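Report on the structure given below.
The values are calculated or read from the model by the stated rules, or taken from the named source; none is laboratory data. Please read all numbers here as calculations on a predicted model, not as lab measurements. With ideal geometry, Cβ positions are generated from the backbone for all residues, glycine too; neighbour counts draw on all protein chains shown.
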Amino acid sequence: MKPILIIHEFEERFFDLPLDQYTLTFDDGLYTQYVFLEELKNIKTKKYFFISSDIVCPENIEQNDEYITCNEAHKKAFNGDYTNYMKWSQIKEIDESDDCYIGCHSHFHNIKTADCVECMISDNRYMLQDFKQKLGYIPDIFCFPYNYETPLYREILNKKGFKNFYGKDRVDIFDL
């Protein structure tokens, strides 16, 4: 089994790394990940893109492909600016690509969700509805936002059909 690499912001210089030696996981659905999709598809390894269903750029909005950190993109999104994130049409395109898989990453991507049972249940309900409506199915893989996992959070997800989980067991690309 290959080690698992976590990637948020993707940069062209990462292609100099031995990416094919890892299972690649992309958190948050940043648009810069999609910008490199054609090159990423040429890497012979599994690639998982974890999407928070409320942090998606509307189809009628022009996206911003400038490099921005995940934290900066989150701040903008939490204030209503989703231009640094993928659109559902792009997420579908990734889903239809060989060795590329879509996974769930919550709805709101808010760590406080994991501190409140009602918040977790509500967040998951919205997430499941969005994936079913926008993607046509609900993925069975989940990545914990901020890698914040609790046994209760995992149990709620298990009961909703999730089989595979990703979190703090991954190596950050900046650690290579």
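Observations
- Taking each residue of the stretch 68-80 that is in contact (Cβ under 8 Å) with a residue 12 or more places away in the chain and over 14 Å from GLY29 (Cα atoms) and looking for partners that are surrounded by 13 or more Cβ atoms within 10 Å (Cβ to Cβ) and of a type in the set (Lys, Arg) with beta-carbon atoms closer than 8 Å, six or more apart or interchain, yields nothing.
- Considering the stretch 1-51, and only residues there that are in a helix (DSSP H, G or I) and among the acidic types (Asp, Glu), the residue that is nearest to PHE142 (Cα to Cα) turns out to be ASP20.
- The stretch 129-141 residues that are closer than 17 Å to ILE156 by Cβ and touching a residue at least 24 places away in the same chain (Cβ under 8 Å), paired with ones that are of a type in the set (Lys, Arg) and surrounded by fewer than 13 Cβ atoms within 10 Å (Cβ to Cβ) (beta carbon under 8 Å, 6 or more apart): ILE138/LYS132; ASP140/LYS163; ILE141/LYS163
- Only one of the numbered conditions (1) modelled with pLDDT of 95 or more; (2) among the hydroxyl-bearing types (Ser, Thr, Tyr); (3) surrounded by 13 or more Cβ atoms within 10 Å (Cβ to Cβ) is not met by SER89, and that is (3).
- Residue match in the stretch 22-43 (condition: surrounded by fewer than 23 Cβ atoms within 10 Å (Cβ to Cβ), out of contact with any helix residue (DSSP H, G or I) (no Cβ under 9 Å at 6 or more places or on another chain), under 30 Å from MET120 (Cβ atoms) and free of Cβ contacts under 8 Å to residues at least 60 places away in the same chain): yes
- Residues satisfying the stated conditions in the stretch 65-83, i.e. surrounded by fewer than 17 Cβ atoms within 10 Å (Cβ to Cβ) and part of a loop (DSSP other than H, G, I, E, B): ASP65, GLU66, TYR67, THR69, ASN79, GLY80, ASP81
- For the stretch 87-138, the tally of residues that are part of a helix (DSSP H, G or I) and of a type outside the set (Asp, Glu) stands at 26.
- Count of the stretch 151-172 residues which are part of a helix (DSSP H, G or I), buried (at least 16 other Cβ atoms within 10 Å of the Cβ) and in contact with a strand residue (DSSP E or B) (Cβ under 8 Å, 6 or more places away or on another chain): 1
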